[in-house]
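What follows is one structure encoded as structure tokens, with my remarks underneath.
The values are calculated or read from the model by the stated rules, or taken from the named source; none is laboratory data. None of these values were measured; they are calculated from a predicted model. Neighbour counts are summed over all protein chains in view; Cβ atoms, including those assigned to glycine, are modelled from backbone coordinates with ideal geometry.
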Amino acid sequence: MKYPKSAKDLKRLKKKKALRARMTGTAEVPRLVVFRSNRHVSAQIVNDLEHRVLFGVSDLQEGVKSQLKKDSTKTDASKALGKAIAEKASAAGIKKVVFDRNGFKYHGRVKAVAEAARAEGLEF
């Protein structure tokens, strides 16, 4: 693991470790992990029992990028990402997931991904 660059990163990683101790994704109910950087957002569906990433979506991918307008905000990109990950999950037969916010606050872009995925029919 990389060393955190700031006290804020260290705090997030401690929260992440505590959250991951309590939650596990299975084949029936995988884990939806959201990661946000300063510029981009990505999400993955993970089966922890097999240590496999089933699939992932990023706001850099063409399917998500094509939904955005030129003056779209990062929150708009997060909403499009949530919609895309839910569509991919339903195509794979996944209806229910465990939401892993990855140590980030449930606020802003992380919340936008979660709400868009719920609106598309993903349960968590």
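Results, tabulated for the structure shown:
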{"read-out": "In the stretch 1-22, the residues that are exposed (fewer than 13 other Cβ atoms within 10 Å of the Cβ) and either under 21 Å from ALA86 (Cα atoms) or basic (Lys, Arg) (or both)", "value": "LYS2, LYS5, LYS8, LYS11, LYS14, LYS17, ARG22"}
{"read-out": "Any pair with Cβ under 8 angstrom, 6 or more apart, that starts in the stretch 26-51 at a residue that is without any contact (Cβ under 8 Å) to a residue 60 or more places away in the chain and ends at one that is among the hydroxyl-bearing types (Ser, Thr, Tyr) and surrounded by fewer than 19 Cβ atoms within 10 Å (Cβ to Cβ)", "value": "HIS40/SER58; SER42/SER58; ASN47/THR26; ASP48/THR24; ASP48/THR26; LEU49/THR24; LEU49/THR26"}
{"read-out": "Residues that are in contact with a strand residue (DSSP E or B) (Cβ under 8 Å, 6 or more places away or on another chain), of a type outside the set (A, V, I, L, M) and at pLDDT below 95, drawn from the stretch 13-35", "value": "ARG20, THR24, GLY25, THR26, GLU28"}
{"read-out": "Near pairs, Cβ below 7 angstrom, 6+ apart or cross-chain, from the stretch 97-117 (over 11 Å from ILE85 (Cβ atoms)) to any residue that is in a helix (DSSP H, G or I) and hydroxyl-bearing (Ser, Thr, Tyr)", "value": "GLY108/THR75; ARG109/THR75; ARG109/SER78; ALA112/THR75; ALA112/SER78"}
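Rundown of residues vs (1) surrounded by 22 or more Cβ atoms within 10 Å (Cβ to Cβ); (2) touching a Gly at 6+ places or on another chain (Cβ under 6 Å); (3) in a strand (DSSP E or B), yes/no style:
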position	(1), (2), (3)
GLY56	no, no, yes
LYS69	no, no, no
SER72	no, no, no
ALA77	yes, no, no
ALA86	yes, no, no
HIS107	no, no, no
